[in-house]
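Here the structure comes first, spelled out in structure tokens, and everything after it is commentary.
The values are calculated or read from the model by the stated rules, or taken from the named source; none is laboratory data. Source: prediction; values computed, not measured. Methodologically, a virtual Cβ is constructed for each residue, glycine included, from the backbone with ideal geometry; neighbour enumeration extends over all protein chains shown. Note: accessible area is taken over every heavy atom of the protein model, side chains too, but ligands, DNA and RNA are not part of it. Shrake-Rupley method; radii C 1.70, N 1.55, O 1.52, S 1.80 Å.
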Amino acid sequence: MSLLVVSAALAASPAYAVTPLEVLASIKTEADGLAGFQGFSATRGESFFKTKHNHDLSCSSCHTDNPAVQGKHSETGKLIKPLAPAANDERFTDMKKVAKWFKRNCNDVLDRECTPQEKGDVLSYLLTVKK
């Protein structure tokens, strides 16, 4: 089942919450169809999260090098709740929000959408982060 189909099904029943592992499984289903996909890597995800990309930005520019703590938007200064699911039980529990924020943040950091590999690697990393 593709991420789009899962997202549409979940949007039709907004009371249904998913777990971060279900989100990761959905991303894996999407990635399974890509040439060369051999699984996700928390190590690659951490590197991606902390490496500066376009506009001298990284995920950690706003979410800090420790995604278990509160971050702050690099331009507006708006506070951002912790990104790691272990520190914020609301993270990665709504497929529609996950899709929205990956799209928005990847475009800000990379000037493009993230690939399923990148999303899965980052979420795999975030799932290893403890409070």
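Summary of values
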read-out: Over the chain: helical MRE at 222 nm, DSSP H runs n ≥ 4 each giving -39500 (n - 2.57), nearest 500; value: -14500 deg cm²/dmol
read-out: Partners for LYS52 among lysines (Cα-Cα distance below 26 Å; same-chain residues under 8 apart left out); value: LYS28, LYS72, LYS78, LYS81, LYS97, LYS100, LYS103, LYS119, LYS130, LYS131
read-out: DSSP loop GluC sites (Glu not before Pro) with at most 11 other Cβ within 10 Å: longest gap in the chain; value: 1-74
read-out: Surface per residue (accessible, 1.4 Å probe) for the chain, Å²; value: 59
read-out: Approximate shape of the chain as ellipsoid semi-axes (Cα gyration tensor, √5λ), whole Å, largest first; value: 22, 18, 14
read-out: DSSP-loop trypsin sites (Lys or Arg not before Pro) across segment 78-122, with at most 14 other Cβ within 10 angstrom; value: LYS78, ARG112
read-out: Fraction of accessible area attributable to carbon and sulfur, the chain (%, probe 1.4 Å); value: 55
read-out: Accessible-area ranking of ASP56, ASP121, ASP89, ASP108, largest first, probe 1.4 Å; value: ASP89, ASP56, ASP108, ASP121
